[in-house]
Each structure stands twice: as structure tokens, then as C-alpha cells.
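One structure below.
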Amino acid sequence: MSRAAGTRASHEGPAMGLKDMQRACFICNGSVYAMVDCADDIFKTFISQITPGHMMKPDVQALLHQRTLDEMDRWFILVTLGKKTTSFSCYQDRQSAEIALRASREALQKKKSQLHVQKSDKPSKHIRSAKLVHA
């Protein structure tokens, strides 16, 4: 079957091409990491955060138990998880991931400040004054 350059049918091929994965970044525990250059334990943490262990195929679990992961292992894991319709955020480059992280932090800060304002508008349940009683 021939396809036009730059297109891919949804049922054919991986959800993420190898070259895309080589440039891609992700956010884990509040930091940006390159998909292929990050430490193995960081990549494994990212995968465990997006997919519970009992939901992973045995071949993915076996790879995650290896001591090290090369880029083909990482790509296979991502492709396999993508086929299982696991949803995760992956960014085309470090700059895109950093922009997303900054926006996420700003949204969180805004939400916290809104909660603080709402909290201070409520009357306090604490006793505001006390009478000193002499015995």
C-alpha cells in the first residue's frame, strides 16, 4: 500500500516515530527530561506514573526490569503503551516542554492564590477573644 509522504494511517506503524522520540522530551516530577538522554530510573519513573504496572504488557514489564534501557527499548515501550491507548504528554523538543512546565506552574500558583482568597473570605471558627476569669 502506498501512502503520501508525511501521512500515516492510524492503524499502521508506531504512534511515535523513532526520530520523533530521539528529539522528544517529557516532564517528570517537575523537571524536563530528554526521552533518550535521561537516566534510566527517571524514564522508568515516568512510565510508572503514566501506566500502572498491572496494565502493562509482560514484554514492557520485562524491559522495565532491565538494569539499563537503550533508545530502542524506550521506543518500544512508548509504542506499546501508545497502542494500549495510554495517554501521556510528550513534547517535540526541550523548549516546548519547558513552556508547558512553566504554564503548568503558573496555573497551579494561580489556583493556590484563588484558594487562599476564598479561604480568607470565610469567617474563622477560632475564638477571637477570651475573657480572663479570676478565681
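Things to note:
- Condition met for Asp73 (loosely packed, with under 12 Cβ neighbours inside 10 Å and at pLDDT 90 or above): no
- Scanning segment 26-54 for residues that are of a type outside the set (D, E, K, R), more than 11 Å from the chain's Cα centre (by Cα) and not in a helix (DSSP H, G or I) turns up Ala34, Met35, Val36, Cys38, Ala39, Pro52.
- Selected residue (only one of Ser2, Ser87 is modelled with pLDDT under 95 and either assigned to a strand (DSSP E or B) or over 16 Å from the mean Cα position of the chain (by Cα) (or both)): Ser2
- All told, Arg105 meets the bar of being farther than 21 Å from Arg23 by Cβ and at pLDDT 65 or above.
- Once segment 55-69 is narrowed to residues that are surrounded by 10 or more Cβ atoms within 10 Å (Cβ to Cβ) and part of a loop (DSSP other than H, G, I, E, B), the residue that is farthest from the chain's Cα centre (by Cα) is Gln66.
- Residue check: Pro52 meets all listed conditions (1) under 30 Å from Ala103 (Cβ atoms); (2) surrounded by 11 or more Cβ atoms within 10 Å (Cβ to Cβ) but one, namely (2).
- Scan of segment 38-49 for residues that are surrounded by 14 or more Cβ atoms within 10 Å (Cβ to Cβ) and either among the small types (Gly, Ala, Ser) or touching a Leu at 6+ places or on another chain (Cβ under 9 Å) (or both), ordered by number: Asp40, Phe43, Lys44, Ile47
The values are calculated or read from the model by the stated rules, or taken from the named source; none is laboratory data. All figures in this text were calculated on a predicted structure; none of them were measured in a lab. Cβ atoms come from the backbone with ideal geometry, glycine included; neighbour counts cover every protein chain shown.
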